[in-house]
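A.B. asks: Starting off with a structure, shown below.
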Amino acid sequence: MNSPDALQCALDSIDQANRSDPNRETVEGEALPREYAYSLHMTRWLQALEPAPSERMQIACRAQHIERWTLARSEYPEGRKGYYAWRQACGRMHGRRAAEIMAACGYPEEECSRVETILTKRELRQDPDTQLLEDVACMVFLERYFAQFFEDNPDYDKEKWLRIVRRTWGKMTPRGHEAALKLAEGMPAHLLSLLQEALEEPEG
């Protein structure tokens, strides 16, 4: 199978899987399956940050949340420890599913394994591809979900929000920071103020 056909096969298969999400997100007035919508946001931001992304990054970004609804957060304990255990399990599942799809579409084993590693984020900061995936994911969060996340958690105090913003910022590269600052110009005033304060007084 030629590479362009393999890439399209992988992207189409990921899209087909994510269209099965029973949850919905409204995008430009249209209700889409949530994880399918998320995958499109990831692809859009990948292209914004990296004008000529590799095939592996196109696949990894599209599969970032593949079938995430099948692994419920409620299956893991409450609290930060349970949350991180769930996130790690999600990463392993996403990596495994992406690798399975790539193999079925004709990719060699080393490319399948490479994408699986990227999606587990085991090599964050050491691996440029994994770091690019994290930049893209952070941009999607800031653009599409940060405002709603803020509204959904009125019990969080200001210090907790500052920690969340600083942790997000700390995961990103200078390229991601530049894009985030441009995006922040259009944020609601209370979120822009929070971002500015978090960056002015970094955690010691």
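The values are calculated or read from the model by the stated rules, or taken from the named source; none is laboratory data. Note that the structure is a prediction, hence the values are computed from the model and not measured. Here the Cβ positions follow ideal geometry from the backbone for every residue, glycine too, while neighbour counts run over all protein chains shown.
A.B. asks: Can you name the residue in segment 114-140 that is more than 15 Å from the chain's Cα centre (by Cα) and of a type in the set (D, E, K, R) and, of all such residues, is nearest to MET172 (Cα to Cα)?
C.D. replies: By that ranking, first place goes to ARG125.
A.B. asks: Quick one: which residue in ASP127, ASP157 is of a type outside the set (Lys, Arg), without any contact (Cβ under 8 Å) to a residue 60 or more places away in the chain, at negative phi and surrounded by 13 or more Cβ atoms within 10 Å (Cβ to Cβ)? So that I can check it myself, show each step before the final result.
C.D. replies: Working: ASP157 fails: surrounded by 13 or more Cβ atoms within 10 Å (Cβ to Cβ).
It is ASP127.
A.B. asks: Applying the selection to segment 125-164, what residues are within 23 Å of GLU35 (Cα to Cα) and aliphatic (A, V, I, L, M)? Reasoning before the result, please.
C.D. replies: Initial filter on segment 125-164 (within 23 Å of GLU35 (Cα to Cα)): 129-153, 164.
LEU132, LEU133, VAL136, ALA137, MET139, VAL140, LEU142, ALA147, ILE164, listed by residue number.
A.B. asks: Regarding ARG96, is this residue farther than 17 Å from ALA137 by Cβ, of a type outside the set (Ser, Thr, Tyr), surrounded by fewer than 20 Cβ atoms within 10 Å (Cβ to Cβ) and under 17 Å from the mean Cα position of the chain (by Cα)? Quick ask: steps written out before the conclusion?
C.D. replies: On the way: farther than 17 Å from ALA137 by Cβ: yes; of a type outside the set (Ser, Thr, Tyr): yes; surrounded by fewer than 20 Cβ atoms within 10 Å (Cβ to Cβ): yes; under 17 Å from the mean Cα position of the chain (by Cα): yes.
Judged against the criteria, ARG96 is a match.
For every residue, the table says whether it meets (1) modelled with pLDDT of 90 or more; (2) closer than 23 Å to ARG125 by Cβ.
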| position | (1), (2) |
| --- | --- |
| GLN148 | yes, no |
| TRP161 | yes, no |
| THR168 | yes, yes |
| GLY176 | yes, yes |
| LEU183 | yes, yes |
| MET187 | yes, no |
| HIS190 | yes, no |
| LEU199 | no, yes |
| GLU203 | no, yes |
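A.B. asks: Right, here's the next one. If we scan segment 174-187, do we find a residue that is of a type in the set (Lys, Arg), without any contact (Cβ under 8 Å) to a residue 40 or more places away in the chain and touching a helix residue (DSSP H, G or I) at 6+ places or on another chain (Cβ under 9 Å)? Give the derivation first.
C.D. replies: In the first step, residues of segment 174-187 are kept if they are of a type in the set (Lys, Arg); the result is 175, 182.
Retained after the next criterion (residues that are without any contact (Cβ under 8 Å) to a residue 40 or more places away in the chain): 182.
Then drop every residue that is not touching a helix residue (DSSP H, G or I) at 6+ places or on another chain (Cβ under 9 Å), which leaves none.
No - not one qualifying residue is present in segment 174-187.
A.B. asks: Picking from ALA6, ALA31, ALA104, ALA37, which residue would you name as being under 19 Å from the mean Cα position of the chain (by Cα) and of a type outside the set (S, T, N, Q)? Walk me through it before giving the result.
C.D. replies: Numbers: ALA6 fails: under 19 Å from the mean Cα position of the chain (by Cα); ALA31 fails: under 19 Å from the mean Cα position of the chain (by Cα); ALA104 fails: under 19 Å from the mean Cα position of the chain (by Cα).
ALA37 is the lone residue from the list that is under 19 Å from the mean Cα position of the chain (by Cα) and of a type outside the set (S, T, N, Q).
A.B. asks: Check every one of the helices (runs of 4 or more DSSP H) wholly within segment 96-180 and list those with 1 or more residues that are in contact with a strand residue (DSSP E or B) (Cβ under 6 Å, 6 or more places away or on another chain) and assigned by TED's automatic domain parsing to the domain that holds ILE59. Lay out the reasoning, then the answer.
C.D. replies: Values: elements: 109-120, 128-140, 146-152, 158-170.
Passing ranges: none, list empty.
A.B. asks: Another question, if that's okay. Of all residues in segment 43-86, which are out of contact with any Phe, Trp or Tyr (no Cβ under 9 Å at 6 or more places or on another chain), of a type in the set (A, V, I, L, M, F, W, C) and over 20 Å from ALA103 (Cβ atoms)?
C.D. replies: Matches in segment 43-86: TRP45, LEU46, ALA48, LEU49, ALA52, TRP69.
A.B. asks: Here is a follow-up. If the requirement is being surrounded by fewer than 22 Cβ atoms within 10 Å (Cβ to Cβ), on the phi < 0 side of the Ramachandran plot and in contact (Cβ under 8 Å) with a residue 12 or more places away in the chain, which of these qualifies: LEU46, LEU71?
C.D. replies: On the way: LEU46 fails: surrounded by fewer than 22 Cβ atoms within 10 Å (Cβ to Cβ).
Answer to the selection: LEU71.
A.B. asks: Can you pull out the residues in segment 161-195 that are farther than 18 Å from GLN131 by Cβ and of a type in the set (Ser, Thr, Tyr)?
C.D. replies: Once the filter is applied, which keeps residues that are farther than 18 Å from GLN131 by Cβ and of a type in the set (Ser, Thr, Tyr), segment 161-195 yields only SER193.
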